[in-house]
Amino acid sequence: VQLQASGGGLVQAGGSLRLSCVASGRTSYDAATGWFRQAPGKEREFAAGIRWSGGNTYYADSVKGRFTISKISAKNTVYLQMNSLKPEDTAVYYCALRYGSTVHSTEQWYSYWGQGTQVTVSS
């Protein structure tokens with residue numbers, strides 16, 4: 001499985017961005033995708049996740065109410081809509097995939113990773 005993340009950029013505080021993660025290769029509906037982010041000097045952290053089967057979504061408290069994760073199964077694509085962005089959302093955002101329907105918030109559970117896309121929010 002290969003993951004391609006895109007959609008990052010520079011935006012002012014209060015603005016919006018939509019990230020995309022396209023999966024190719026051997027995919028399965030018994031899978032989960034997570035978006036993680038890593039700010040400079042900090043560890044990578046979970047932001048949001050979605051089950052491919054059923055579409056259940058999960059969010060970190062820091063993004064709840066501002067970010068929305070969704071998917072289009074026919075396109076093997078997961079999106080992260082980010083609204084009301086704050087400077088503290090500045091990070092490299094990674095999408096990751098694991099087989100199995102549980103969304104985990106720790107990166108060790110994910111076997112496949114995209115290359116990361118930079119999100120910068122200016123104040």
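Points worth noting:
- In the set (1) without any contact (Cβ under 8 Å) to a residue 40 or more places away in the chain; (2) over 11 Å from the mean Cα position of the chain (by Cα), Ala48 fails one condition alone, (2).
Yes/no matrix, rows are residues, columns are (1) closer than 14 Å to Ala5 by Cα; (2) open to solvent by less than 70 Å² (accessible area, probe 1.4 Å); (3) not β-branched (Val, Ile, Thr):
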site	(1), (2), (3)
Trp35	yes, yes, yes
Asn56	no, yes, yes
Arg98	no, yes, yes
Gln115	yes, no, yes
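- Within the range 1-58, the set of residues being of a type in the set (Lys, Arg), in a loop (DSSP other than H, G, I, E, B) and within 16 Å of Leu80 (Cβ to Cβ) comprises just one member, Arg44.
- Any hit, the range 68-83, residues being open to solvent by 30 Å² or more (accessible area, probe 1.4 Å), in a loop (DSSP other than H, G, I, E, B) and more than 17 Å from Trp113 (Cβ to Cβ): yes
The values are calculated or read from the model by the stated rules, or taken from the named source; none is laboratory data. These numbers come from a predicted model, not from an experiment. A quick note on method: Cβ atoms are made from the backbone with ideal geometry, for glycine too, and the neighbour counts reach across all protein chains shown. SASA here: full protein model, heavy atoms, side chains in, ligands and nucleic acids out. Shrake-Rupley method; radii C 1.70, N 1.55, O 1.52, S 1.80 Å.
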